[in-house]
Each structure stands twice: as C-alpha cells, then as structure tokens.
Amino acid sequence: MKLLITGGAGFIGSHVVRLFVTKYPEYQIYNLDALTYAGNLANLSDIEKAPNYTFIKGDITDAKFLVDMFTELSFDGVIHLAAESHVDRSITDPMSFVMTNVVGTVNLLNAAKDSWAAEGMAPNFEGKRFYHVSTDEVFGSLHNPEDFFTEETAYDPQSPYSASKAASDHFVRAYGNTYKLPVVLSNCSNNYGPNHFPEKLIPLMIHNIQTNKPLPIYGKGENVRDWLFVVDHARAIDAVFHKGKQGETYNIGGFNEWKNIDIVNLLCQIMDRKLGRPEGTSAQLITYVTDRAGHDLRYAIDAHKIMNNLGWQPSLQFEEGLEKTVDWFLTNQDWLNNVTSGAYQRYYQGMYTDR
Ligand code: NAD
Ligand code: TYD
C-alpha cells in the first residue's frame, strides 16, 4: 500500500504518521506538508529515518504539483489532514482557510480522481480510498443539554474555520456521489496531547502557567468542548481508514465534556503540584477577556457508531491524558521554546528538497 498522508507535520497528522509508519511496516507512507507555521518536522524526528517513510514538502493549493505527484507516485490511499485549523486565525484571515481547506481539498480530490482514472481504475476505483479528516465544528453549537452531534445532525457552521471545513466535507461527499470516488469521512471533537501548537487552549495555558503569564479565558469560560487524547484520534483514523464503509461518515469523540474554566482550573492544580508551587498560585493568573466573536457554546459527540461498528473506543481518561500532556510539555521544553520563538522553522530550512 502506497499511502499519502497530508498535514503529517502538524499536531494530529504527526500522530497518525507515527502510528501508520510503526504499525504497518509493509506500507510506504508519504507525508505531504507545506510546513506552515503549524507544521513542524521535529514532531516526527523519532521516525524520520524509517525505511517506509518519505517526507514531501508541498502545498495542496498548487493543483499542478498535486497532479504531477499523484501521477509519479500512484498512491493507493489518501488520508487528508492538511488544513488551517485555528478558529481565531480564521476570524482575522478567512481567505487562507478558503484556499487551503476548500480549494486545497478540491485540488486533492481532482488529483486523486484524475490520476486513478488514468491508471484505468474508473469507474469504481476498486482498491483505492480517499479519507477526509474533519471536525465536529461543522455541526455548529448545541444549546439543549441533552443533545449530541450524530452523523445525521445537519451542518450549521458558525465560524470561518468551520464553514471552510463544512464546504470541504460537502465536496468530498459530492465527489463520492458524482464520480464514485471511494470516500470516507470522520468528524472529531477537540484533541489534546503532545505536539499541540501553543495557540490552542490547553497548550497555551500550560505554557502561560509555566512562564507566569495571564491565562486568557474568553467570555465567562462556560463554553463546553468534548476532549479526546490525540493518540486515540489516531487510532480511530486507523479504524476508519481500514474498516470504515465507503461513502460513510463516523463521528469521533471522548464522551468527555468540560467547561473551559474547569479545564484551566484543573491545569492550574496539576501545574502547581508539578512545579512545586503552593496550591492556588497558578489560578491567580486567570484573566477573563473579551469573548471570541460568534463563540460556539457547546460541542458534544455521540460516538456510538464508530464504537459499535468499528470496535473503537477511547483508551485514556481525561485526567490521565492531561497529566501525560503536562509531563510531555515539561520534559520537551526545547520543543516549546523552538515553537514559541519560531526557531523550528529556520532550523529545518534546507534539510529537504522542495518539489
Ligand atoms: P495543525 O494546524 O496542527 O496541522 C495542520 C498541518 O497542515 C500543518 O502541518 C501544516 O503545515 C499543514 N498545512 C497547512 N496548510 C497546508 C497546505 N496548504 N498544504 C499542505 N500542508 C498544509 O492541525 P491539526 O490540529 O493537526 O488538525 C489536522 C486536521 O484535523 C485538520 O483537518 C483539522 O480540521 C482536523 N481536526 C482537528 C481537530 C483538533 O482538535 N485539532 C479536531 C478535529 C478535526
Ligand atoms: P481552541 O483550543 O481554540 O479550540 P476550538 O475553538 O477549535 O474549540 O479553543 C477551545 C476553547 O477554549 C474555545 O471555547 C475557546 C476557548 N479559549 C479560551 O478561552 N482562551 C484561549 O486563549 C483560547 C486559545 C481558547
């Protein structure tokens, strides 16, 4: 199996690449990543020399580059994670989300469809698979406490980020329907864990607690997210890629809802203990700030379909996962320093050939 994973130098992608490279030594894994601010090859330093792993620097907004690459390498499968992923950035710069998440995804669909057709695989594309990794944010915000997002919930995206992911999901399904491209999709809740870029809630709070900076809580901190350890998401992606039914969608989540303020308080307690600070010290850094524009109130996933049909379930309790995550950030201080200073991008320049 020749497998293309896009966005493999990012947070979730790096865990997916590691899992596939180590679990399937018989596969050839190609990691295509543009190395934007969020892409960091240090996330993969432990497997970068594996014989079944190749890194390709390239941009999914470049349609010709994708066609050439697909023609040359003749992939059997694609797991598509490359994206602009941060809601706050999408509010200040929506167009880059349209370009990467919508145009980039359609470029990738076209390259797969056309190169697979040229190989004589049309009309059914037997043995091929295009897997699109998406988010629960496409469903919008839940207001009734008993409600959960299911695979049947209507799309209602509220931020430029979620609107761009919703559009890309629609295009993937449209290519499945119109061109019979063998697609499968998943929509996952908020991830946390090692390699998480420190612009997102959990790593930002860990970094700010450690460096005694204010902990910015948007609004009243009462917004709810459903959190899943990133390695459990990678395991779910493995299950969907190998066992998911063609044309179907799987919701992935941890049945693990937390208000933002409760997570930040828990992180403060964990960090006080680990840093040897008197209890209550870090919580004094909590600062309520202006709310995010259009801030979704609550996300919660009903993950019964993937659990019942594909036998997946989360392996880690949140408190255990959070301890592991804090330990990872405290023992990988260089990673955090490099990311926050931008040094990681300069370091890797010149270490690969641009295609
Ligand atoms: P990330 O921002 O950490 O990583 C994105 C990666 O994509 C980076 O390595 C970046 O360099 C690469 N990339 C960006 N633009 C590119 C382009 N034009 N061409 C090629 N590569 C490009 O994101 P993440 O949090 O790891 O999310 C990965 C995927 O999972 C995204 O599609 C996201 O929508 C989805 N997702 C994320 C979460 C979450 O909690 N983070 C939850 C559910 C779904
Ligand atoms: P984030 O990690 O950006 O993920 P998403 O917006 O995709 O869910 O934010 C998680 C929650 O934390 C969200 O409700 C916004 C909130 N938040 C803060 O209160 N302060 C912050 O500094 C950040 C980055 C997020």
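Structure data summary
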item: Given charges at Cβ of Lys, Arg, Asp, Glu: the chain dipole, positive-most of L330, T153, C188; result: L330
item: Inter-label distance for Q317 and N124, nm, one decimal - labels placed 7 Å from Cα along Cα-to-Cβ; result: 4.8
item: Chain lengthening between S341 and K2 when straightened (0.36 nm per residue, less Cα-Cα); result: 118.5 nm
item: Dimensionless Rg over Rh [region 142-202; C-alpha; Kirkwood]; result: 1.04
item: Vicinal HN-Hα couplings computed from phi for region 26-39 (Karplus, 6.51 cos²θ - 1.76 cosθ + 1.60; Hz; Gly/Pro x); result: 7, 7, 9, 9, 10, 9, 9, 8, 7, 6, 6, 4, 8, x
item: Chain lengthening between K49 and Y24 when straightened (0.36 nm per residue, less Cα-Cα); result: 7.5 nm
item: Net length gained if the chain between H242 and F255 were fully extended (0.36 nm per residue, minus Cα distance); result: 2.3 nm
item: FRET E, pair R273, A174, Förster distance 56 Å, beta-carbon r, rounded to 0.05; result: 0.65
item: For region 219-355: rounded, prolate or oblate by the Cα gyration tensor [a/c cutoff 1.5]; result: oblate
item: For region 1-51, Kirkwood radius (reciprocal of mean inverse C-alpha pair distance, Å); result: 10.8
item: Cα gyration tensor category, rounded, prolate or oblate, for region 267-307 with a/c compared to 1.5; result: oblate
item: In nm, spacing of pseudo-spin labels at D327 and T287 (7 Å Cα→C-beta vector); result: 3.2
item: Assigned charges on the beta-carbon of Lys, Arg, Asp, Glu; the chain dipole about Cα centre (debye); result: 500
item: Hits among aspartates and glutamates - C-alpha to C-alpha of K2 under 13 Å, sequence gap 8 or more where chains match; result: E26, E72, D76
item: Greater than 32 Å apart at Cα, pairs in K23/K200; K23/K259; K113/K165; result: K23/K259
item: Shape category assigned to region 44-137 from the gyration tensor of Cα positions, a/c cut at 1.5; result: oblate
item: In nm, spacing of pseudo-spin labels at T71 and L297 (7 Å Cα→C-beta vector); result: 5.3
item: Cα pair distances in region 272-348, grouped into 10 Å bins until the bin that holds the longest one, percent each; result: 12, 21, 34, 28, 5
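Values in this text are rule-based calculations from the coordinates and carry no lab data. These numbers come from a predicted model, not from an experiment. Neighbour counts are summed over all protein chains in view; Cβ atoms, including those assigned to glycine, are modelled from backbone coordinates with ideal geometry.
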